[in-house]
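Okay, structure first, notes after.
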Amino acid sequence: MEDTNIIDLFWERDERAIQETETAYGRYCRTIAFNILGVEEDVQECLNDTWLGAWNSIPPARPVCLSAFLAKITRNLAISRYRANHARKRTGDRLSESLDELGECIPVSSDNVSEAIDRRMLEEAINRYLDTVSEKQRNIFVRRYFYFDSIAEISQMYGIGQSDVKVTLMRMRRSLQKVLEEEGLM
């Protein structure tokens, strides 16, 4: 079923919207959640919350890209669940590793509402930076820091060595840090 048809089902408050969304995007959203959570029970709960989140958001939202809309809901829910599950411990998992890498060049912000504007400015600066790099570099960056893919998975995906992925990411983080410093965000 086409995305526009699925969105129409949401707008009509037809429960088939959930089934069609799960059929079309269940595997995609499961991968995102699993990369962050790594525990099947948590992944399933996250997916259920994703479908509910989509149901509650459409309407009033009418997403232009349903896959990106669902990915963002899934990712945010999975990160929230991860934080709740790991509030007192740090483990060597994908999310921790990715966030530690990014922490080198991006100022750490708390979940304080008063910092929402700063986070938005940071998001816009990162997007502007990603517009200046090659498509392959942008995809590697997004695979690592949005989807939380491992270095090995990215290496295999793009047919390059793991050391090449690490070097590319390191150079991009350094370059991003310079951009953020120039814009006064660091």
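In a residue-by-residue description of segment 108-119, the property of being within 21 Å of N35 (Cα to Cα) and either under 14 Å from the mean Cα position of the chain (by Cα) or at pLDDT below 95 (or both) applies to no position.
Quick check on segment 51-78: of everything there that is aliphatic (A, V, I, L, M) and in contact (Cβ under 8 Å) with a residue 12 or more places away in the chain, which residue is nearest to Y147 (Cα to Cα)?
Among them, the one singled out is A71.
In this entry, A125 passes the filter for residues that are under 17 Å from the mean Cα position of the chain (by Cα) and in a helix (DSSP H, G or I).
Being closer than 29 Å to E40 by Cβ and modelled with pLDDT under 70, is that true of even one residue in segment 67-78? Spell out the reasoning first.
First pass over segment 67-78, keeping only residues closer than 29 Å to E40 by Cβ: 67-78.
Checking which are modelled with pLDDT under 70 leaves us with none.
There is no residue in segment 67-78 that is closer than 29 Å to E40 by Cβ and modelled with pLDDT under 70.
Among the residues of segment 34-48, write down those that are farther than 14 Å from F69 by Cα and either at pLDDT 95 or above or in a helix (DSSP H, G or I) (or both). F34, N35, I36, L37, E40, E41, D42, V43, Q44, E45, C46, N48, listed by residue number. Does any residue of segment 35-44 turn out to be of a type outside the set (S, T, Y), surrounded by 15 or more Cβ atoms within 10 Å (Cβ to Cβ) and under 14 Å from I73 (Cα atoms)? Scanning segment 35-44, I find at least one residue that is of a type outside the set (S, T, Y), surrounded by 15 or more Cβ atoms within 10 Å (Cβ to Cβ) and under 14 Å from I73 (Cα atoms), so the answer is yes. Of the numbered criteria (1) touching a helix residue (DSSP H, G or I) at 6+ places or on another chain (Cβ under 8 Å); (2) at pLDDT 90 or above, the one F148 fails is (2).
Being of a type outside the set (D, E, K, R) and in contact (Cβ under 8 Å) with a residue 60 or more places away in the chain is not true of N48.
Just for segment 1-28: of the residues that are crowded, with 19+ Cβ neighbours inside 10 Å and of a type in the set (S, T, Y), which one is nearest to D149 (Cα to Cα)? Looking at residues that are crowded, with 19+ Cβ neighbours inside 10 Å and of a type in the set (S, T, Y), I get Y25. Comparison of A71, A84, A17 shows that the only residue that is in a helix (DSSP H, G or I) and closer than 23 Å to E153 by Cβ is A71. Elements of the type helices (runs of 4 or more DSSP H) sitting completely within segment 135-185 and holding at least 3 residues that are buried (at least 18 other Cβ atoms within 10 Å of the Cβ) and in contact (Cβ under 8 Å) with a residue 24 or more places away in the chain: these cover 135-145, 162-182.
The values are calculated or read from the model by the stated rules, or taken from the named source; none is laboratory data. The shown structure was predicted, so the numbers you read here are calculated from the model rather than taken from an experiment. Positions of Cβ are generated from backbone atoms using ideal geometry, with glycine treated the same way; all protein chains shown enter the neighbour counts.
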